[in-house]
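Structure first, commentary second.
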Amino acid sequence: MTNIYWPVYKNLEKELVELSNQVHIDDKQLDIYSVKIIELLLRSSVEIESISKNLYFSLGGTEPTDKDLYFDTDCIQLLEDNWLLSKKQVIASSLNFHFLREENQILTPLKKANKRGTSSSDWKKAYQAVKHDRANNLRKGNLKNLIRAMAALFILNLYYKNDKFELEKNQKTTPSNMGSDIFDIKIHQYSGYDGTHKYMKKEDFDECVYLTKQTDASEEIWKNAIKNMNNENIEFFKKHPKFLQAIKEDPNLLANFKGNNLMWDILGKDEYMRMVGTSQYLLQEASSKTKDEAILNKNEIN
């Protein structure tokens, strides 16, 4: 798909960077407003309207027959339902941003963007105000609302681009700015899978725009390695003198056999750990063949 949105976003970024070279942007300066800032806010918000509708249709959304299609309550709402965008965070990381307050450093720009009226996000209320009654709402066209609208547009552009990055061996992640000169995103770092091969999520999982994980092919390699390791351990266990003695004393032992807990109970800690250590080579072989990737967090990882 030809990306018609990213070049426009980068031009908007460039103009904001140029503005930040002229105005010292810190916590106290966010109320600054001007015709130029209003212009950038309007252009950014128009892009948000367009890209959100495009993403809406890509997710299977349909044109209503009884009303107009709204970019917020229809389109962003569907994106929210699927991708939980209201929790995704953007870090205002430009060297020309001198913020000390966390609320200005770490943004959740799509929170309430699917709402209307007084319940909506501040940047969207400002957009509607200056679009419909600019003369009486000049103060709402300020740096605070512009930066948050730009952050929202940045997130939507990343979901539109839908880039996937295969990571080199020993490469933990991909650059968090994702091509931006003013923002960074949070990336959920892959830390492994639990005993049932379920992806291990940290507390900030929903806040991350990207996540790292094993590639699908690598997941299959790893699952097979664990299966083979467990089978090898079971075969070793069934031939062990301690197990043979235990089943002699209790012929129904196998019927109650559920895996490692029984192995531990019968073999004891030291013998069990030696057995597991012997079969670890299967995981080491699998590890040498697996690769990781960075993908968008689309709320699909269970």
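Placing +1 on the Cβ of every Lys and Arg and -1 on the Cβ of every Asp and Glu, with no other charges, gives the range 6-161 a dipole of roughly 220 debye about its Cα centre. Hydrodynamic radius of the chain by the Kirkwood approach over all distinct alpha-carbon pairs: 22.7 Å. Taking the charge dipole of the range 6-161 about its Cα centre, with +1 at Lys and Arg Cβ atoms and -1 at Asp and Glu Cβ atoms, the residue from Phe99, Ile147, Cys75 reaching farthest to the positive side is Phe99.
Once the chain from Arg134 to Gln284 is taken as fully extended at 0.36 nm per residue, the excess over their C-alpha distance is 47.6 nm. Summed over qualifying helices (DSSP H, 4 residues or more, each -39500 (n - 2.57)) and divided by its residue number, the chain shows a 222 nm mean residue ellipticity of -14500 deg cm²/dmol.
Coordinate range of the alpha-carbon atoms in the range 186-302 per principal axis, descending: 57, 27, 23 Å. Packing order of peptides 283-294, 79-90, 234-245, highest average first: 79-90, 283-294, 234-245 (average count of other Cβ atoms within 10 Å over each peptide's residues). Stretched out straight at 0.36 nm per residue, the stretch from Val17 to Lys161 would grow longer than its current Cα-Cα span by 49.6 nm.
The GNM of the chain, with springs linking C-alpha atoms under 10 angstrom apart, assigns the highest mean-square fluctuation among Leu19, Leu100, Leu143 to Leu100.
Placing dummy labels 7 Å off each Cα toward the beta-carbon, the span from Ile234 to Glu63 is 5.7 nm. In this simple spin-label approximation, Thr215 and Glu102 carry label points 7 Å from Cα along the Cα→Cβ vector, and these lie 3.9 nm apart. Between Ser34, Ser20, Ser58, the residue with the greatest mean-square fluctuation in the GNM of the chain (Cα pairs under 10 Å linked by springs) is Ser58. Going by neighbour counts of Cβ atoms within 10 Å, the residues Lys10, Lys213 line up, fewest first, as Lys10, Lys213.
None of the figures in this text is laboratory data; all of them are computed from the coordinates on show. Since we're looking at a predicted model, the values are computed, not measured. Cβ atoms come from the backbone with ideal geometry, glycine included; neighbour counts cover every protein chain shown.
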